[in-house]
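Novice: This structure is in structure tokens; I'll ask about it shortly.
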Amino acid sequence: MNAYGAQRRPKVIQSQDEGRIRSDLQWHIAAKRGKLKAMADGPLKETLRAQETRKAQIRSRVEHPFHVVKNLFGYRKVRYKGLAKTRRNSLRCSGWPIW
């Protein structure tokens, strides 16, 4: 299943025209949940469910390190702080001396 409209996004089209993204690229993005639920039971549904499970496993392996790093550096509420506080906190967490 292709992503809904991902290949039609202006940035993607521009990148393909510039040669930064291959034009024959296939998109493997998670299907909409309702689409899988609405399918009739059978081998096709089981195959798609297995594909979605595999995509979710890969996504979790990729996103988990980012989650850990963000929590270590306290970036859960960055948008509510000022930029100076955020920079000072990131320097403090990374070991830079702050005067």
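Please treat every number below as a calculation from the coordinates, not as lab data. Note that this is a predicted model, so its numbers are computed, not measured.
Novice: Give me the number: length gained by fully extending Arg20 to Arg59, i.e. 0.36 nm times residue separation minus the C-alpha to C-alpha distance, one decimal in nm.
Specialist: Extra length from Arg20 to Arg59 when fully extended: 11.7 nm.
Novice: Applying the Karplus parametrisation 6.51 cos²θ - 1.76 cosθ + 1.60 with θ = phi - 60° to the phi angles of segment 33-46, what ³J(HN,Hα) value in whole Hz is obtained for each residue in order, glycine and proline being reported as x?
Specialist: So the Karplus estimates, Gly and Pro as x, are 4, x, 5, 6, 5, 6, 6, 6, 4, x, x, 5, 5, 5 Hz.
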